[in-house]
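The values are calculated or read from the model by the stated rules, or taken from the named source; none is laboratory data. Note that the structure is a prediction, hence the values are computed from the model and not measured. No Cβ is skipped: glycine too gets one built from the backbone with ideal geometry, and neighbour counts run over all protein chains shown.
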Amino acid sequence: MVEQVETVVVGAGVVGLAVARALAMSGREVVVLESEDAIGTQTSARNSEVIHGGMYYAKGSDKARLCVKGKQMLYDYCESHGVNHSRLGKLIVATADEEVPTLEEIRQKGITNGVHDLRYVEADEIRELEPNVNAARALLSPSTGLVDSHGLMLAYQGDAESCGAMLALTSPVDKGRIEGDRIVLDVGGETPMQLACKELVNSAGLGALALGASLDGLASEHVPEDPKLKAKGNYFILTGKSPFSRLIYPVPFVGGLGIHSTLDLGGQTKFGPDAQWIENPDYIVDESRVDGFYESIRRFWPDLPDGALTPGYAGVRPKLRGPEAGKYIDDFLIQGPKANGVPGLINLFGIESPGLTSSLAIAEDVLNLLQAS
């Protein structure tokens, strides 16, 4: 017996729930399948909760376009739906003169991407804004902020369900197959079943590549190879009062945006993530890496006391490339039916940062791709 539904979204992280919301609001019958026993337990729950400005990403990339567009959509959504957030701003700091040219590269990328609120901050003003920061020069991004990611996901879920969407937890998709104008999924869990749909959105995050590879009838060239090395990021929490009132980021490095300082919405400071490339990552903080944190943080906060960092949490980024790619940013791969040749199929591959910031804009893209197919 094969159950039939119009649209299935696989993955109840922040992007999957935003997609489900957009599709349910369009009048579709939507079922969200989530392998875990709660929403947003992986990438969406293990990040910095930053609303990004959009200045890091390559010209013409989906990350640039969707981050800048999604940022404003997200701020508007949080205001209208009462989701806790704060537009507190960010300093990108050059701690040595040789890093200053990188700030100009970031500023130019921002201008190209439509980020027009960046401005330079010189050493004297840095001391006024953030007395504990050591920097030769900085870029101020006033539109960078924070959001309660779990509160956001609950709001997306509520919107989707109010429009008739259904969420099925502990429902992993084991594999699927293309059958003419429908896609049939083998759904595991306590009550295994087969579920057929006209439209499938693969928003499985860390499992998206595996799900794509399991779809019988989807040509293998449309599914990137899963990188051997995965990007784990460790976070450490600062004990005591926060020394900063804004987010503090160093200039980027290969693999990420550097060990930066963020605040949670309760005012506690956390540092991370680093970039730990390993084959089989877990969510246990690697405490052996704390010395590297002290070294990195003291470049912009020399007065960090010994013993002030305690293990926080760890996350894994769903990157499409390992460190051998030689660059720290790769693009999203939003693959619609015209690209993969399967009617009704959307694959969302490599949705790492700034996926949270871009979530509403990604959902809008998915809706447009399905409507155009």
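Here are the numbers for the structure shown:
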read-out: Filter pass, A38 being of a type outside the set (V, I, T), in the same structural domain as A361 (by TED's automatic domain parsing), within 24 Å of D181 (Cα to Cα) and at pLDDT 95 or above; value: no
read-out: Residue match in segment 37-44 (condition: out of contact with any Cys (no Cβ under 6 Å at 6 or more places or on another chain), touching a residue at least 60 places away in the same chain (Cβ under 8 Å) and in a helix (DSSP H, G or I)); value: yes
read-out: Single match in A155, A138 (criterion: touching a helix residue (DSSP H, G or I) at 6+ places or on another chain (Cβ under 6 Å), within 24 Å of I259 (Cβ to Cβ), small (G, A, S) and at pLDDT 95 or above); value: A138
read-out: For P224: the one exception among (1) over 22 Å from R46 (Cα atoms); (2) free of Cβ contacts under 8 Å to residues at least 24 places away in the same chain; value: (2)
read-out: Matching option when the condition is farther than 30 Å from E29 by Cβ and either in a strand (DSSP E or B) or modelled with pLDDT of 95 or more (or both), among G312, G266; value: G312
read-out: Filter result (over 13 Å from K230 (Cβ atoms) and of a type outside the set (F, W, Y)) within segment 310-323; value: T310, P311, G312
read-out: Qualifying residue in segment 103-120 (condition: touching a Cys at 6+ places or on another chain (Cβ under 9 Å), on the phi < 0 side of the Ramachandran plot and in the same structural domain as G11 (by TED's automatic domain parsing)); value: no
read-out: Filter result for T170 (out of contact with any Pro (no Cβ under 8 Å at 6 or more places or on another chain), over 25 Å from G13 (Cβ atoms) and either part of a loop (DSSP other than H, G, I, E, B) or among the hydroxyl-bearing types (S, T, Y) (or both)); value: no
read-out: Pick from segment 80-99, criterion modelled with pLDDT of 95 or more and under 27 Å from A136 (Cβ atoms), ranking: farthest from the chain's Cα centre (by Cα); value: A94
read-out: Qualifying residues in segment 136-167 (those that are surrounded by fewer than 17 Cβ atoms within 10 Å (Cβ to Cβ), in the same structural domain as A196 (by TED's automatic domain parsing) and of a type in the set (A, V, I, L, M)) - the one nearest to the chain's Cα centre (by Cα); value: L154
read-out: Tally of residues being surrounded by fewer than 20 Cβ atoms within 10 Å (Cβ to Cβ), of a type outside the set (K, R) and over 28 Å from P227 (Cβ atoms) across segment 239-268; value: 10
read-out: Residue count, segment 213-238 (criterion: farther than 23 Å from D291 by Cβ and crowded, with 20+ Cβ neighbours inside 10 Å); value: 3
read-out: Condition check for A12: of a type in the set (A, V, I, L, M), touching an Asp or Glu at 6+ places or on another chain (Cβ under 6 Å) and touching a residue at least 12 places away in the same chain (Cβ under 8 Å); value: yes
read-out: Any chance D97 is among the charged types (D, E, K, R) and surrounded by fewer than 13 Cβ atoms within 10 Å (Cβ to Cβ); value: yes
read-out: Residue in segment 355-369 that is over 21 Å from E221 (Cα atoms) and modelled with pLDDT under 95 present; value: no
read-out: Residues located in segment 47-73, provided they are farther than 19 Å from G258 by Cα and assigned to a loop (DSSP other than H, G, I, E, B); value: K59, G60, S61
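The rows are residues; the columns are (1) surrounded by 12 or more Cβ atoms within 10 Å (Cβ to Cβ); (2) within 28 Å of the chain's Cα centre (by Cα); (3) within 19 Å of W301 (Cβ to Cβ); (4) touching a residue at least 12 places away in the same chain (Cβ under 8 Å).
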{"site": "P101", "(1), (2), (3), (4)": "no, yes, no, no"}
{"site": "E104", "(1), (2), (3), (4)": "yes, yes, no, no"}
{"site": "R107", "(1), (2), (3), (4)": "yes, yes, no, yes"}
{"site": "G110", "(1), (2), (3), (4)": "yes, yes, no, yes"}
{"site": "G114", "(1), (2), (3), (4)": "yes, yes, no, yes"}
{"site": "Y120", "(1), (2), (3), (4)": "yes, yes, no, yes"}
{"site": "E125", "(1), (2), (3), (4)": "yes, no, yes, no"}
{"site": "E128", "(1), (2), (3), (4)": "no, no, yes, no"}
{"site": "N134", "(1), (2), (3), (4)": "yes, no, yes, yes"}
